[in-house]
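Here is the structure we will look at, set down as structure tokens.
All of the numbers you see were taken from the coordinates with simple rules; none came from a lab. Quantities reported herein were computed from a predicted structural model and do not represent experimental measurements. Positions of Cβ are generated from backbone atoms using ideal geometry, with glycine treated the same way; all protein chains shown enter the neighbour counts.
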Amino acid sequence: MSPDVLLAACRFVHDSSLMALWGTSAYLAVLVPQSVAEPVAGRLTIFRLAAVSLTLGTTCLTLPTQTAMIGDGWSDAVNGQMLWDVLASTNIGTAWLAQALAGVLLVATQMIAPRLRLATTAIASGLGLVCLALSGHAVMNEGWRGIVHPLNDALHVLSAGAWVGALLPLLLILASASKAPFDADAATALRRFSNAGHVVVTLAILSGIANSFFIVGWPFGLSSPYRMLLSMKVVAVLAMIAMATANRYWFVPRIGRAHSTALHAIRVGTAIEIVLALAAILFVSIFGMLDPNS
């Protein structure tokens, strides 16, 4: 496997894991009543530990893989001097150190009291997402753009992660929405997700548009592999928005009249959103390594 293929795979797994941890933990900690949040968090324990492990593992792989790409191949991935030069004198090294610190903090949060774990996991994974803005296209500008672009990129990954990451616990809450004693609290959790969803989806869309403007301008067209993959991501996101809109404004109002059928449709729609989100993250993992203009 070539270094660029492995790096794209690491980026996909790393970003997906962090978004899942951030969105899941923040949603359960802030918006979901405790009577529902605790059992849902318990059912997601294996998922949470796997995501933390994948985040740490991909962080460890990223530095030698990027060093191999900068240098002369895999031999430089284990060259101590080369690794140190990348770590000490490049934006890649600075970003990696920040990611490593966030990874260590994320592991530490898994060892504290369960009542605090959701909130601290959200903080640590959110920090890991913010650190993604310390390298790549987000730091290629100078002047005011060099300040605004990374801040906007951080907002984009946080808002997108809040949307995408909350979909998995939402699936589990939907499954319990018709079961006592969780029915009233589950309904509260669903209503709060819907209300917050309008905000985070709007932020994700606006910050994504701004990111595209900073990198390729408008209209971005299809003149390079970067732009084609960016367009594919936009299509996936638009499909997610269409699915979320159908759930909110078509199926949710029908829960009272056709409870089981409407909930089933919402669950299916939510599962499709998760698949589309993974596709969008995959496209970003690839085109984030490419030159936008060639």
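Please find the FRET efficiency linking ARG254 to VAL78, where r is the Cβ-Cβ separation and R0 is fixed at 51 Å, and quote it to the nearest 0.05. Intermediate values should be presented prior to the final figure.
Values: r = 59 Å, r/R0 = 1.16.
Using R0 = 51 Å, I get an efficiency of 0.30.
Let me check I've understood the local charge: for THR67, count other residues with C-beta under 11 angstrom from its C-beta, Lys and Arg +1, Asp and Glu -1. What total comes out? Display every interim value, and only then the final one.
Working: positive: none; negative: ASP72, ASP76, ASP85.
Taking every other residue near THR67 into account, the sum is -3.
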Subject >> Ellipticity estimate at 222 nm from DSSP helix runs (n ≥ 4, -39,500 (n - 2.57)) divided over the chain, nearest 500 >> reply: -27000 deg cm²/dmol
Subject >> Within the stretch 255-275: backbone nitrogen closer than 17 Å to the ILE241 label point (7 Å, Cα to C-beta) >> reply: 273-274
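Can you tally the net charge around ASN79? Count Lys and Arg as +1, Asp and Glu as -1, for every other residue whose Cβ sits under 13 Å from the Cβ of ASN79.
Once positives and negatives cancel, what remains is -3.
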**OP:** Scan (i) 19.9, 68; (ii) 22.4, 75; (iii) 19.1, 58 for the value of Rg and Dmax of the Cα atoms in Å calculated from this model and give just the label.
**Re:** (i)
Subject >> Residue-count net charge about ALA277 - beta-carbon cut-off 14 Å; Lys, Arg +1, Asp, Glu -1 >> reply: -1
